[in-house]
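Values quoted throughout were computed directly from the atomic coordinates according to the rules given, and no laboratory measurement underlies them. Worth saying up front: this structure is predicted, and the values here are computed from it rather than measured. With ideal geometry, Cβ positions are generated from the backbone for all residues, glycine too; neighbour counts draw on all protein chains shown.
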Amino acid sequence: MECELTGFLEMECTRRMQRHHLVNKSRLRGNPEALAYCEANAWLFLSDVCSAHNGSRIADQVDARARLIRQKVELYGEEKVREGLEGLRALFRSSTEDLRLEALLAG
Ligand SMILES: [Zn+2]
């Protein structure tokens, strides 16, 4: 299994792989529907990232997220990724402008 952020920031990958959550768990706390939705759509909301790239919140940086989402678009197509994101946004009452596909891709 290869780290989905291989080469990011010119950091060496470690062998230890972790699951990176596109949407922070803290943001999903108190919203069990959104949490369940993310888990049910792991193809979009979870990424395999090595411990080096997942540490120090590196994978949460906007350009890291842009790269992860761009790769999802390449794998699954723009329409499917957009649908997945919009499905999650519908479960929030608070603003989720940052979870629009365009916003994520812009980094
Ligand atoms: Zn890595």
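Against the numbered list (1) surrounded by 14 or more Cβ atoms within 10 Å (Cβ to Cβ); (2) within 16 Å of the ligand (Cβ to nearest atom); (3) not hydrophobic (A, V, I, L, M, F, W, C), Asp63 comes up short only at (1). Which of the residues spanning the stretch 37-60 are within 13 Å of the ligand (Cβ to nearest atom) and not small (Gly, Ala, Ser)? Selection gives Asp48, Val49, Cys50, His53, Asn54, Ile58. Looking at the stretch 37-59 only, could you name the residues that are touching a residue at least 24 places away in the same chain (Cβ under 8 Å) and either over 18 Å from Glu2 (Cα atoms) or not in a helix (DSSP H, G or I) (or both)? Once the filter is applied, which keeps residues that are touching a residue at least 24 places away in the same chain (Cβ under 8 Å) and either over 18 Å from Glu2 (Cα atoms) or not in a helix (DSSP H, G or I) (or both), the stretch 37-59 yields Tyr37, Cys38, Asn41, Leu46, Ser47, Asp48, Val49, Cys50. Out of the stretch 66-81, which residues are loosely packed, with under 15 Cβ neighbours inside 10 Å and within 15 Å of Ala106 (Cα to Cα)? Passing the criteria: Arg70, Gln71, Glu78. Remark: pairs (first residue in the stretch 8-36, in contact (Cβ under 8 Å) with a residue 60 or more places away in the chain; second residue more than 16 Å from the ligand (Cβ to nearest atom) and part of a loop (DSSP other than H, G, I, E, B); Cβ separation under 6 Å; 6+ apart in sequence or on different chains) are absent. Only residues that are in contact with a strand residue (DSSP E or B) (Cβ under 9 Å, 6 or more places away or on another chain), over 18 Å from Lys80 (Cα atoms) and among the small types (Gly, Ala, Ser) were counted across the stretch 17-65, and they come to 4.
Residues in the stretch 17-49 that are under 19 Å from Glu97 (Cα atoms) and either among the hydrophobic types (A, V, I, L, M, F, W, C) or surrounded by 13 or more Cβ atoms within 10 Å (Cβ to Cβ) (or both): His21, Leu22, Val23, Arg27, Leu28, Asn31, Ala34, Leu35, Tyr37, Cys38, Leu44, Phe45. When the residues of the stretch 1-36 are filtered to those that are touching a helix residue (DSSP H, G or I) at 6+ places or on another chain (Cβ under 7 Å) and of a type in the set (Val, Ile, Thr), the one that is farthest from the ligand (Cβ to nearest atom) is Val23.
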